[in-house]
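Trainee: Below is a structure I'd like to ask you about.
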Amino acid sequence: MRTRLSTDGVAPRERLAYWIDAVCDTYVQLDCDALGEPGASGALSGEIVSDKLVQLQLSRVTATGQRVCRTPARIAATAEDYFLVSVQTQGTGQVVQDGRCATLGPGDFALYDSTRPYELRFERAFQQYVLMLPGGALRRQLRDTQWLTAQRVPGQRCAGHLVIGMIHTLVADMDTLEPASASAVADGLCDLLVAGLSTLPRAHPAPVSSLTALYREQVKDYVRRHLRDPGLSVGRIAEGLRVSPSTLHRAFVGEPCSIADWIWTQRLDAVRRELCDPAAKARSISELAFSWGFNDAAHFSRAFKARYGCAPRELREFAARAEPRASHATPDTRGKSDVAGSSCPATAHPALNVG
């Protein structure tokens, strides 16, 4: 559902408080100050238009100058684990985190992590798109994300340019996307973000031998072909490929996650796609989970929520409601449309047999 929050019609003396509530409701708990003459908080004005696209939230912020801070106190008060990406479209902005500062012009984007303090600074009026996704989802695709925050990814070429183009297309077509298509688009946009972030110097993994790369691809191919097998494990893969388990583990050194976590992620993604598929609506959530190799419904639900920021039932209900809409109505409503996510554990998962 699209939401629109705007200072239009709000008394000048109440605008700053209203805007702080709007920002916190849309993103994570933040502090905000207007930039301008002392005591000129009434001069602040802004609008946030937000849409939920499966696990990805896309919003457009248009506002006057301000400083937004994610403080240690705000972090301690909540368990919000999200990555956010600011994509500048008008004006300039700065993203400050982990001792770095990225200055963004139109078309540029930068990543920041809600689990650590950060600051966004806009000296003058600006507009940007903000992408927000559960922390665990990105950590499964990129290593050492703390080195990738507050670094400018240029939007004039390569992946950055494609991100901008996909966002504009997505905004234009949001109201006509079928749930399954929306899920695919969200995946594609996340992949482009990862591609853009992977161009940063600290994102480059250590080089691996051709033999290691071959083993790695063989493992992934074997997993894809046997993903529905509840008995799939590191030992089973090693037996199938006629190598030792230690050889498989060495092949995954340098990857963002272990073999077990990669299997787990592939299964979650498969269930998520079927939850958005109208052809699977007659099948229960547990049935779908078990058909993809999970063996504990409660653990599956917790793992799903950690990865996508919402429970499987909520995603299915969202997909059922997301019929193509004829209008672009934007009711002025408050609150996040889905529950907040939590971080994915890096240890073995009880819902998955990966011994």
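The values are calculated or read from the model by the stated rules, or taken from the named source; none is laboratory data. This is a predicted model, so every value here is computed, not measured. A quick note on method: Cβ atoms are made from the backbone with ideal geometry, for glycine too, and the neighbour counts reach across all protein chains shown. Heads up: the accessible areas ignore ligands, DNA and RNA and are worked out on the full protein's heavy atoms, side chains in. Shrake-Rupley method; radii C 1.70, N 1.55, O 1.52, S 1.80 Å.
Trainee: Taking Pro179, is it at pLDDT 80 or above, crowded, with 20+ Cβ neighbours inside 10 Å and farther than 26 Å from Thr64 by Cβ? Walk me through how you get there before you give the answer.
Mentor: On the way: at pLDDT 80 or above: no; crowded, with 20+ Cβ neighbours inside 10 Å: yes; farther than 26 Å from Thr64 by Cβ: yes.
The answer is no for Pro179.
Trainee: Next up: Filter segment 33-63 down to residues that are among the hydroxyl-bearing types (Ser, Thr, Tyr), modelled with pLDDT under 95 and over 22 Å from Leu177 (Cβ atoms) and give me whichever is surrounded by the most Cβ atoms within 10 Å (Cβ to Cβ).
Mentor: Among those that are among the hydroxyl-bearing types (Ser, Thr, Tyr), modelled with pLDDT under 95 and over 22 Å from Leu177 (Cβ atoms), it is Ser41.
Trainee: Could you check how many residues of segment 123-165 are of a type outside the set (Val, Ile, Thr), outside any helix (DSSP H, G or I), open to solvent by less than 20 Å² (accessible area, probe 1.4 Å) and farther than 27 Å from Leu44 by Cα?
Mentor: Counting residues in segment 123-165 that are of a type outside the set (Val, Ile, Thr), outside any helix (DSSP H, G or I), open to solvent by less than 20 Å² (accessible area, probe 1.4 Å) and farther than 27 Å from Leu44 by Cα gives 5.
Trainee: Also: Which ones in segment 264-288 are small (Gly, Ala, Ser) and without any contact (Cβ under 8 Å) to a residue 24 or more places away in the chain? Steps first, answer last, please.
Mentor: Keep residues of segment 264-288 that are small (Gly, Ala, Ser), which gives 270, 279-280, 282, 284, 286.
Scanning segment 264-288 gives Ala279, Ala280, Ala282, Ser284, Ser286.
Trainee: Same structure, new question: Identify, from the list Asp98, Asp51, the residue that is among the acidic types (Asp, Glu), in contact with a helix residue (DSSP H, G or I) (Cβ under 8 Å, 6 or more places away or on another chain) and on the phi > 0 side of the Ramachandran plot. Give the derivation first.
Mentor: Details: Asp51 fails: on the phi > 0 side of the Ramachandran plot.
Of the residues listed, the single one that is among the acidic types (Asp, Glu), in contact with a helix residue (DSSP H, G or I) (Cβ under 8 Å, 6 or more places away or on another chain) and on the phi > 0 side of the Ramachandran plot is Asp98.
Trainee: Looking at (1) more than 18 Å from the chain's Cα centre (by Cα); (2) over 29 Å from Ala172 (Cα atoms); (3) surrounded by fewer than 20 Cβ atoms within 10 Å (Cβ to Cβ), can you tell me which one Ile20 breaks?
Mentor: (2)
Trainee: Something else: State whether the residues of segment 123-144 include one that is more than 18 Å from the chain's Cα centre (by Cα) and under 19 Å from Gln29 (Cα atoms).
Mentor: Taking segment 123-144 as the starting set, the residues that turn out to be more than 18 Å from the chain's Cα centre (by Cα) are 123-127.
Retained after the next criterion (residues that are under 19 Å from Gln29 (Cα atoms)): none.
No, there is no match, as no residue in segment 123-144 is more than 18 Å from the chain's Cα centre (by Cα) and under 19 Å from Gln29 (Cα atoms).
Trainee: Among the candidates Phe304, Phe294, Phe318, Phe300, which residue alone is open to solvent by 10 Å² or more (accessible area, probe 1.4 Å) and of a type in the set (Phe, Trp, Tyr)?
Mentor: Residue meeting the stated conditions: Phe318.
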